Each structure stands twice: as C-alpha cells, then as structure tokens.
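**Q** My questions all concern the structure below.
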Amino acid sequence: MRKKNYYANQLQIKKSLRTEIYEFLKKEIKEEGIKKKSDEELSNLFNSKFDKEVSRKTIAKYRDELKIPSSIKRK
C-alpha cells in the first residue's frame, strides 16, 4: 500500500511541475521582444526563477507539446 501512495505522490509532483513549466513557457514566450529566447535560455531562466533543475531537453519537449516553434522559427 505504501509503495502505491509513493508512486501516486511522485506522479502528482510530476504533473504539477509539468503545469508549472507549461505556464512559464506560455508567459515567457508571449512576452518576448525582438530577441527570441532559446530553449537553453528558457531553461536557465526557469531554473533561476523557481529554484528547480529542468534541462534544455525538457523545455524543448514541453514547448513542442504546446506547439510553440523554436526560437529560430519564431523570428
């Protein structure tokens, strides 16, 4: 029983982090100026703002899920 609760809790943590990243990406990309932020820059910004470690690949994955083009294609 305990293992089941542990995994359910871990899944909930992952879901909340995913939601947090989604909201962050939507907000940051909407507020971009002329200079578009790369996935690396977005990752560093997220990590410093929220004191969490999210890789560039994770940012790229979630950006793709939101159907937001890369920084090169957003120009």
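**Q** Considering only the range 1-49, state which residues are hydroxyl-bearing (S, T, Y) and not in a loop (DSSP other than H, G, I, E, B).
**A** The first filter runs over the range 1-49 and keeps only residues hydroxyl-bearing (S, T, Y), leaving 6-7, 16, 19, 22, 38, 43, 48.
Matches in the range 1-49: Y6, Y7, S16, T19, Y22, S43, S48.
**Q** Within the range 65-75, which residues are assigned to a helix (DSSP H, G or I) and surrounded by 12 or more Cβ atoms within 10 Å (Cβ to Cβ)?
**A** Within the range 65-75, E65, S71 qualify.
**Q** Do any residues in the range 42-60 that are crowded, with 16+ Cβ neighbours inside 10 Å have Cβ atoms under 6 Å from those of residues that are among the hydroxyl-bearing types (S, T, Y), where the two are at least six apart or on different chains, and which pairs are they?
**A** As it stands, the answer is V54/S43; I59/S43, since those pairs meet every condition given.
**Q** Okay, moving on. Mind checking which pairs have a first residue in the range 14-40 that is surrounded by 14 or more Cβ atoms within 10 Å (Cβ to Cβ) and modelled with pLDDT under 90 and a second that is of a type in the set (A, V, I, L, M, F, W, C) and outside any helix (DSSP H, G or I), Cβ under 9 Å, 6 or more apart or different chains?
**A** Taking only residues 6 or more apart or on different chains, the pairs are L17/V54.
**Q** Only one of (1) among the basic types (K, R); (2) assigned to a helix (DSSP H, G or I); (3) modelled with pLDDT under 90 fails for K52. Which number is that?
**A** Only one criterion in (1) among the basic types (K, R); (2) assigned to a helix (DSSP H, G or I); (3) modelled with pLDDT under 90 is unmet by K52, namely (2).
The values are calculated or read from the model by the stated rules, or taken from the named source; none is laboratory data. What you see is a predicted model, and the numbers here were worked out from it, not measured in a lab. Neighbour counts are summed over all protein chains in view; Cβ atoms, including those assigned to glycine, are modelled from backbone coordinates with ideal geometry.
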